[in-house]
Structure formats: structure tokens, C-alpha cells
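A short write-up of the structure that comes next.
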Ligand SMILES: [Zn+2]
Ligand SMILES: [Zn+2]
């Protein structure tokens, strides 16, 4: 095994219809494992079905800030029970704050939904996947009360200063195919700034297809190889070394059990 896609949505339209082929192409591209992220209750059911189908897929369940307005006040109880029940659900999330698309009233609703999930992660001793867009200062402020948690700021798109603030709190940083986009110099800066042991690579598929397949193909876990290649080039390190390091980081972050079936195979 060389690479792990630490963040994708195998349950979203475009990938859901062709999961088996997508997983097969990932393996062929050297992507031995992936983490599929559930973002709202109906999606959680699909994630659990996906985990039952593929032993190289681990999962995370959370309420994405886009869906914060849809859940009832007692959503956390059911979410916690679901995470507890299935061992291959290895993280809480994605959850966080996204102020890019929403009016202030909806942003206010995102905060308590976010905090409830951080509390679940603390109770269950699980890592957390954070989705933060145009809200870095505020999310960083909230995480100061949760620095005992292991967390990743996935699909990082903030400024170098924001990246430094997250690193100071102990965050892992997830880099997507955005690193290959001409108009995203901050993502490349982040890809260089992050210390080797805090760096994760991800696709966020079906979104954000990296070059050279951008606007040509829907994104899928196999393409995390393009992300890793560009990150290695930015950091001036060998691609194999970057793959080894980020895979070690993914195992450290999600836990060995997350990828147990795959790690056992690659050791054999
Ligand atoms: Zn996200
Ligand atoms: Zn996502």
C-alpha cells in the first residue's frame, strides 16, 4: 500500500453508482485505503452500507455545516450511538463552520451543532474531521477548548497565517487537489508549511478533481496520487517518501484499526 485517501464521499452522486469500480481503480493506482465521510443522517446510512461492502474503506460520521439547519436538537444522541456501534467508523465529522454561503443567522446555528460533535469525539476518544471555510478565526477560537482532541482541518484553503494558527493548536492539515490549481497559491503555501508529521492528503471526491483530470473527470480516490505528486514537488521531497509519510500520518491519525485489513494484506 502506498497511499490513503483520507477524505472522500463514496456515497455522493457520481461515485455511489459505481463504488466497486471506483474502489478497484483506487487499488490499481496504489491507493490501498480510503475514508468516506458522512455529512448528514440520510448519508450516514449509505456510509454504513459502504463500509459493509468494502474492507479497505473506513468511515466518519458527522453533520456538515451545510446541513446544520436540518438536524433536530437531539441529533447528537443518535450520532454518538451510530459511531459507537460500528468499529470501522473511525472519526467524527466532517463538522465545523462554513461562512462562505450562509447568512449570519444560519452561521449561528452551525456553532452549537459543531460543539456537540466535538463533545462526542471527546467522549468516544475519536479524531475529528473539521470543515472550515471563511471562518478560520472563529473555528480556531472554538478549538482552543478542545486541544485534547486529535483533529484535521480538511481541504485547507486558508491563508499562511491561518495555517500557522491551526498548527499551533496541534492540527493536522488536509491538502486536496486544490494544490494543483493555478488560482490557489495559498494551498501550495500550506502544502509547504505543514510539518511532515501533520500532513494528510485527500481528494474530497467527487469534488475538486486535480490537474491533469480537472474538468475532464469526476474526482475519485485514485486521483489522490496526483495530489500527493504535487505536494511532493512543492516540498521538494521524493514521491515515495511523501507517500510513506502521509500514510504513516493517516494511520497515526485514524488509528491502526481503521486500516487493519489493508495493513495486514500489505504486510503479507
Ligand atoms: Zn468539507
Ligand atoms: Zn468532504
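Since every read-out is calculated from the coordinates, none of them should be taken as a lab result. Bear in mind the structure is a predicted one, so any value in this text is a computation, not a measurement. For neighbour counting, all protein chains shown are included, and Cβ atoms are generated from backbone atoms with ideal geometry for every residue, glycine included.
Summary table
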item: Ordering of 63-75, 191-203 by packing [mean C-beta count within 10 Å, highest first]; result: 191-203, 63-75
item: Residue of 115, 90, 213 that the Gaussian network model of the chain assigns the largest fluctuation, springs spanning Cα pairs under 10 Å; result: 213
item: Estimated inter-spin distance, residue 49 and residue 256, nm [label 7 Å along Cα→Cβ]; result: 3.4
item: Peptides ranked, highest mean first, by Cβ atoms within 10 Å: ranges 221-228, 10-17; result: 221-228, 10-17
item: Rough spin-label spacing in nm, given labels placed 7 Å along Cα→Cβ, for residue 134 and residue 189; result: 1.9
item: Pairwise label distance in nanometres, residue 72 with residue 218, each label 7 Å out on the Cα-Cβ vector; result: 3.2
item: Potential lengthening between residue 122 and residue 145 on full extension [0.36 nm per residue; Cα-Cα distance subtracted]; result: 7.2 nm
item: Beta bridges by DSSP in the chain, antiparallel share as percent, to the nearest 5; result: 0
item: The chain - Rg over Rh from alpha carbon coordinates, Kirkwood radius; result: 0.93
item: Value of relative contact order over region 3-267, rounded to a whole percent, pairs C-alpha under 8 Å and six or more apart; result: 21
item: Centroid-to-centroid separation of region 63-132 and region 226-240 [C-alpha atoms, Å]; result: 32
